[in-house]
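Data first, discussion second: the structure below is written as structure tokens.
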Amino acid sequence: MSDTGTKRRVKTRPKVERPRLHKVILINDDFTPRDFVVTVLKGEFRLSEDQAYRVMITAHRRGACVVAVFPKDVAETKATRATDAGRSQGYPLRFETEPEE
């Protein structure tokens, strides 16, 4: 038997990497009221009252706390909006982002 010119085609799919995730981190300060921090966490990150309170207390006790993990552009947008919310009220509230390991 002979091959009559039929070649086997192999489909190759380009390997697509998932976007690298970034952590949004709440940085503690001694000036922003706790209630305001909880309000920002609930509004920007859609945390429940209890979750927001726990994140705020953890940042208060340890100096910082990871709030959530998102793709880079979402993390940076949320961190900027949350930081700006504090600045608009005259508070030094600060959120940062960093790549997840």
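Laboratory data are not the source of any read-out in this text; all were calculated from the coordinates shown. Worth saying up front: this structure is predicted, and the values here are computed from it rather than measured. Backbone-built Cβ (ideal geometry, glycine too); neighbour counts: all protein chains shown.
May I ask you to compute the full-extension gain from ILE27 to GLU98, defined as 0.36 nm times their residue separation minus their alpha-carbon distance, rounded to one decimal in nm?
Extra length from ILE27 to GLU98 when fully extended: 24.3 nm.
For the ranges 26-38, 75-87, what's the packing order if you count other beta-carbon atoms within 10 Å of each residue, average per peptide, and put the highest first?
The packing order, highest mean first, is 75-87, 26-38.
Please find the FRET efficiency linking ASP84 to ASP35, where r is the Cβ-Cβ separation and R0 is fixed at 25 Å, and quote it to the nearest 0.05.
Values: r = 18 Å, r/R0 = 0.73.
After rounding, the FRET efficiency stands at 0.85.
Taking θ as phi - 60°, what are the ³J(HN,Hα) couplings along the range 19-28 by the Karplus curve (6.51, -1.76, 1.60), each to the nearest whole Hz, with x for Gly and Pro?
Once θ is set to phi - 60°, the couplings for the range 19-28 become x, 5, 8, 10, 8, 9, 10, 8, 9, 5 Hz.
Tell me the Kirkwood hydrodynamic radius of the range 21-99 in angstroms, computed as one over the mean inverse distance between distinct C-alpha pairs.
Numbers: mean 1/r = 0.0830 Å⁻¹.
One decimal place: 12.0 Å for the Kirkwood radius.
Taking 8 Å as the Cα distance limit and 6 or more residues as the minimum spacing, I'd like the relative contact order of the chain as a percentage.
Relative contact order comes out at 41 percent.
Given only helices, namely DSSP H runs of n ≥ 4 each adding -39500 (n - 2.57), what is the per-residue ellipticity at 222 nm of the chain, to the nearest 500 deg cm²/dmol?
Working: 3 runs with 43 residues, N = 101.
After summing the helix terms and dividing by residue count, I get -14000 deg cm²/dmol.
Dipole of the chain (Lys/Arg Cβ +1, Asp/Glu Cβ -1, origin at the Cα centre): which of ILE57, THR80, ILE27 lies farthest to the positive side?
Value computed over the given set: THR80.
Could you give the length gained on full extension between VAL66 and ASP50, defined as 0.36 nm per residue of separation minus the Cα-Cα distance, in nm?
Working: separation 16, 0.36 × 16 = 5.76 nm, distance 1.54 nm.
Taking 0.36 nm per residue and subtracting the Cα distance, the gain is 4.2 nm.
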